[in-house]
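Each remark here refers to the structure printed beneath this line.
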Amino acid sequence: MCDLSGMDATPTRLRIDFVSDVVCPWCAVGLMSLERALERTRGEVEAEIHFQPFELNPQMPAEGEDAEGHLQRKYGMSAEQAAANQQVIVDRGAALGFTFDMARRSRIYNTFDAHRLLHWAEGEGEDKQRALKHGLLRAYFSEGRNVSDHDTLVAIAGEAGLPEARAREILASGAFADEVRIGEQFFQSHGIRAVPAIILERKHLISGGQPPEVFEQALRQVAAEKRKG
């Protein structure tokens, strides 16, 4: 007789809404932490991740603004405080395998068009949206690329396995603008004022770039609740 007691049960599928911006360093930290937690819970949890839009600086002009001056003015930091804060982020990223090159990330950019592409990419498959999200974060924080420039965005889309011609068509039009604004308004109307905001099963909120252990515990807890019905 076969002993089936040691076989793994079917993983519990969880919906995860990851509300974030592509120029938010803690969003990059949060995503890497979440994915580390998902690796640890493989076989127990299967994630369906939806990347949702949030703009830290919706009024930012297309040409962007000097990052150091912007951050000091917006958050009331001295140059020394800003440098110390950035070093914390660099170290957290390194521990998770993500490279922050703050010298190359010299400007803050408008991200509305990046969010339009992310919305489109979701319809092309979850793997494509996640690949594009990673590509945008890496392009901005590791490579210092301008994530508001259309040619740059088209190239990043292509690197994520998406059709560049379609990406260029979307950027040249107003496609998905209404959908992005509706998405932003929806989460803001539900109390999201800072990112990253990670929502499990549309009701359990985890705020900020938490360490993997926090996500791991939450994933297991929510999965257990869902299994109980």
Query raised in the report: Is one or more of the residues making up the stretch 209-222 surrounded by fewer than 19 Cβ atoms within 10 Å (Cβ to Cβ) and either part of a strand (DSSP E or B) or at pLDDT below 95 (or both)?
Result: no
Requested in this report: Being crowded, with 24+ Cβ neighbours inside 10 Å and assigned to a loop (DSSP other than H, G, I, E, B) is the filter here, so list the residues in the stretch 22-43 that pass it.
Outcome: Val22, Val23
**Report entry** Neighbours by Cβ (under 7 Å, 6+ apart or cross-chain): first from the stretch 162-181, farther than 11 Å from Asp151 by Cα; second in a helix (DSSP H, G or I) and of a type in the set (Gly, Ala, Ser)
**Finding:** Leu162/Ala121
Requested in this report: Can you confirm whether the stretch 66-78 contains a residue that is touching a Lys or Arg at 6+ places or on another chain (Cβ under 8 Å) and under 27 Å from Gln217 (Cα atoms)?
Outcome: no
Requested in this report: Return only the number of the condition from (1) in contact (Cβ under 8 Å) with a residue 12 or more places away in the chain; (2) out of contact with any Leu (no Cβ under 7 Å at 6 or more places or on another chain); (3) not in a loop (DSSP other than H, G, I, E, B) that Gly97 does not satisfy.
Outcome: (3)
Report summary line: Note: among Gln81, Gln87, just one is more than 15 Å from the chain's Cα centre (by Cα), more than 30 Å from Glu169 (Cβ to Cβ) and at pLDDT 95 or above, namely Gln87
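The values are calculated or read from the model by the stated rules, or taken from the named source; none is laboratory data. In this text the structure is predicted, and so the values were computed from the model without any measurement. FYI the Cβ positions are ideal-geometry reconstructions off the backbone, even for glycines, and counts take in every protein chain you see.
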